[in-house]
1. Specify which labelled value, from (1) 12.8, 43; (2) 18.8, 69; (3) 14.5, 46, agrees with Rg and Dmax of the Cα atoms in Å derived from the coordinates of the model shown.
2. Counting pairs on different chains as well as pairs 8 or more places apart, how many Lys pairs in the chain have Cα atoms under 26 Å apart?
3. Lys and Arg at +1, Asp and Glu at -1: add these up for the other residues within a Cβ distance under 14 Å of residue 14 and post the number.
Amino acid sequence: MKIDWKRKLTSRKLWLSVANFATDIMVFFGVSQSEAVKVAALIMAGATVIGYVVGEGLADSGNKKEESDGETIS
C-alpha cells in the first residue's frame, strides 16, 4: 500500500493533532501555558509553509504537464 505523503503533509487535521499533542506533553511536564501556545503557533506556522510549498509544487507540475502536452515532436 502506497502512502500519499503530499496529502498527509497538507492535512490540517494532522497538524492540529501534532500541535495539540506537543502542547499537551509540554503542559504535562510543567511548561507554562504561554510557552505551550508559542510552540503550537510555531507548529501551525510550519504547517502553513509546508502546505504552501506542496501546493505550489503540485500547481507547477500540473502546468508543466499541460505545456508538454501541447508541444509537437518532429
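Read-outs: derived from the displayed coordinates by stated rules, not from any lab. None of the values given here were measured: they were computed from a predicted structure. As a convention, Cβ positions derive from the backbone with ideal geometry for all residues, glycine included, and neighbour counts pool all protein chains shown.
1. Evaluating Rg and Dmax of the Cα atoms in Å on these atoms matches (2).
2. 9
3. Numbers: positive: 6, 7, 8, 12, 13; negative: 4.
In short, +4.
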